[in-house]
Amino acid sequence: MNNNKKTKTILLICILVLIVILMNLGCDWPIFFRRNSNLKLLISKEGYSAFNPVWTPDGNKIYYLMVQQEGYIESYGGQLRVINIDGSNDRLVLDGTFGSLAITQDCSKLSLTCGNIKEGGSLILTDTLGNILDTLSAYPQKVCDVEFNRTGNTAYYFAYNEGFFKVNFETGMADTVLPWDIINGFDVWDDSLIIFGGKLYNLINRNITDYFHLRIYQHAQFLPFSANQIISATRDKAYISNLELEKYEELDVCPYWNSYISFPYWSPDGEKIVFSASKMKGDPNRPTNHELWILEKIE
């Protein structure tokens, strides 16, 4: 009888120890996962994936790309859509296959790369209604990613296996910025700084500084009003990195206990973030349909 009681006590202690260990592991275990109450689902459509969201400067709408596909985003190319930030009035803007999307700060123009993310294509300019203003077909044809400068008169873009370029729409002149590929997203600050991966490239003095230790990863983006703060993502995490203070903060953005996070994008006031997220399933784990979520309060 005493042996049975002793065995039960040992089992109870083991269970309690296991529970404590699992709790310390956080959201890696579904039974202890708690979704951040500041997360809001913007759009989800079974069998479809939404990616590359960009916030309009007035903060009221989000343009994004959507494709009828699940899985990893590397092969994605989708149609251009727009939605209000409350989830209403989701509509098609321009049908086609586009891999990357950028918007000017005055919301007068959008830039889109034709083709999917991996293979790229020509670069086009549209207005916010989807009317094509120009097709920059004279430049490298495998454009995979694009961003505007802050005045909107120049686009910086990465052309697959050709390098990193910029083109001025007023003069029509294109120049090589860097001779190598820049993948997994980048951002430009005042025609002087480029952030990509864990590197910061100074266009003025042509210096490169490594910031891998600050957790700067994919789809890095400057805070709209400061070059010192960067948002980026890596698989199941998103980070805010402060270059000046040499610090970083992990954000609680996982909508599911096993999530795939990509394409984080600041709101104009820097107080919210929209991003693409997917639930990971299967063996081996793969993303399902990618949804758009908003972190409504950065804490």
Residue check, S262 under 14 Å from Q221 (Cα atoms), touching a helix residue (DSSP H, G or I) at 6+ places or on another chain (Cβ under 9 Å) and either crowded, with 22+ Cβ neighbours inside 10 Å or without any contact (Cβ under 8 Å) to a residue 60 or more places away in the chain (or both): yes
Conditions (1) under 18 Å from the mean Cα position of the chain (by Cα); (2) modelled with pLDDT under 95; (3) farther than 17 Å from E291 by Cβ; number of the one not met by F98: (2)
Within the stretch 177-214, considering residues that are in contact (Cβ under 8 Å) with a residue 40 or more places away in the chain and over 19 Å from F263 (Cβ atoms), the one nearest to the chain's Cα centre (by Cα): L200
Residue in the stretch 115-125 that is of a type in the set (V, I, T), farther than 23 Å from Q68 by Cβ and in a strand (DSSP E or B) present: no
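The rows are residues; the columns are (1) among the aromatic types (F, W, Y); (2) modelled with pLDDT under 95; (3) in the same structural domain as P287 (by TED's automatic domain parsing); (4) farther than 15 Å from F275 by Cβ.
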residue	(1), (2), (3), (4)
K199	no, yes, yes, yes
I204	no, yes, yes, yes
I208	no, yes, yes, yes
I216	no, yes, yes, yes
F222	yes, no, yes, yes
I230	no, no, yes, no
Of all residues in the stretch 147-164 being at pLDDT 90 or above and part of a strand (DSSP E or B), the one that is surrounded by the most Cβ atoms within 10 Å (Cβ to Cβ): Y157
Verdict on G172 being over 23 Å from the mean Cα position of the chain (by Cα) and either crowded, with 18+ Cβ neighbours inside 10 Å or assigned by TED's automatic domain parsing to the domain that holds S122 (or both): yes
Conditions (1) hydroxyl-bearing (S, T, Y); (2) outside any loop (DSSP other than H, G, I, E, B); (3) surrounded by 15 or more Cβ atoms within 10 Å (Cβ to Cβ); number of the one not met by T128: (2)
Test for I216: is it surrounded by fewer than 18 Cβ atoms within 10 Å (Cβ to Cβ) and assigned to a loop (DSSP other than H, G, I, E, B): no
Enumeration of residues in the stretch 164-176 that are of a type in the set (F, W, Y) and either on the phi > 0 side of the Ramachandran plot or touching a residue at least 40 places away in the same chain (Cβ under 8 Å) (or both): F169
Hits in the stretch 88-106 (condition: among the hydrophobic types (A, V, I, L, M, F, W, C) and crowded, with 16+ Cβ neighbours inside 10 Å): V93, L94, F98, L101, A102, I103
The stretch 61-82: number of residues that are farther than 17 Å from A277 by Cα and touching an Asp or Glu at 6+ places or on another chain (Cβ under 9 Å): 4
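Residues are listed down the side, and each one gets a yes or a no for (1) in contact with a Leu (Cβ under 6 Å, 6 or more places away or on another chain); (2) among the hydroxyl-bearing types (S, T, Y):
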{"position": "L94", "(1), (2)": "yes, no"}
{"position": "S100", "(1), (2)": "no, yes"}
{"position": "T104", "(1), (2)": "no, yes"}
{"position": "C107", "(1), (2)": "no, no"}
{"position": "I132", "(1), (2)": "no, no"}
{"position": "F169", "(1), (2)": "no, no"}
Residue selected from the stretch 246-299 under the condition part of a loop (DSSP other than H, G, I, E, B) and of a type in the set (K, R), by the criterion modelled with the lowest pLDDT: K297
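The values are calculated or read from the model by the stated rules, or taken from the named source; none is laboratory data. Computed from a predicted model, the values in this text were never measured in an experiment. Methodologically, a virtual Cβ is constructed for each residue, glycine included, from the backbone with ideal geometry; neighbour enumeration extends over all protein chains shown.
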